[in-house]
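To start, the structure itself, in structure tokens.
The values are calculated or read from the model by the stated rules, or taken from the named source; none is laboratory data. Small disclaimer: the values here were computed from a predicted structure and weren't measured. Don't worry about glycine lacking a Cβ; one is built from the backbone with ideal geometry, like all the others, and counts go over all protein chains shown.
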């Protein structure tokens, strides 16, 4: 994924996080139990943080051309959003507790992404360059 594509994907992901968060705040508040709304809000919060992470990966990719790490970070953040945040959204709306088994996969993807981003910045040696 090119640096400009990473930045665009991150920006679109952030826009989706805002829209999904607004839906939760206005459309779900009266429809789901408070504990499920809290789960939903956790998904939104992590979604938004990692949308910013995708943008950061794109910016690092521009500064450090040729490194694989920014792309690994961006794809890891995308995967984390799909497995972590999306599973929490669906769990909160449907009450399907079995989705809780998928959520940690996204958490691991988020961690891999941050390690790759650190590697891209030249700070860590745990992720591929």
Q. Would you call residue 61 out of contact with any helix residue (DSSP H, G or I) (no Cβ under 7 Å at 6 or more places or on another chain), farther than 16 Å from residue 46 by Cβ and either in a helix (DSSP H, G or I) or modelled with pLDDT of 90 or more (or both)?
A. no
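Right, residue 109: at negative phi, at pLDDT 95 or above, assigned to a helix (DSSP H, G or I) and more than 12 Å from the chain's Cα centre (by Cα) or not? Quick ask: steps written out before the conclusion?
Details: at negative phi: yes; at pLDDT 95 or above: yes; assigned to a helix (DSSP H, G or I): yes; more than 12 Å from the chain's Cα centre (by Cα): no.
No.
From the set of residues in segment 19-43 that are touching a helix residue (DSSP H, G or I) at 6+ places or on another chain (Cβ under 7 Å) and in a loop (DSSP other than H, G, I, E, B), which is surrounded by the most Cβ atoms within 10 Å (Cβ to Cβ)? Lay out the reasoning, then the answer.
Step one: filter segment 19-43 for residues touching a helix residue (DSSP H, G or I) at 6+ places or on another chain (Cβ under 7 Å), giving 20-21, 24, 28-29, 32, 36-37, 39-43.
Imposing the further condition that a residue be in a loop (DSSP other than H, G, I, E, B) reduces the set to 29, 32.
Values: 29: 11, 32: 18.
In this case the residue turns out to be 32.
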Q. Touching a residue at least 24 places away in the same chain (Cβ under 8 Å) and more than 30 Å from residue 122 (Cβ to Cβ): does that describe residue 56?
A. no
**Q.** Any chance residue 82 is at negative phi, touching a residue at least 40 places away in the same chain (Cβ under 8 Å) and in a helix (DSSP H, G or I)
**A.** no
(Q) Residues to consider are 1, 6; find the one that is in a loop (DSSP other than H, G, I, E, B), touching a residue at least 60 places away in the same chain (Cβ under 8 Å) and closer than 17 Å to residue 120 by Cα. (A) 1
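Only residues that are buried (at least 19 other Cβ atoms within 10 Å of the Cβ) and farther than 11 Å from residue 37 by Cα: list them for segment 86-102, please.
In the first step, residues of segment 86-102 are kept if they are buried (at least 19 other Cβ atoms within 10 Å of the Cβ); the result is 87-89, 91-92.
Selection gives 87 alone.
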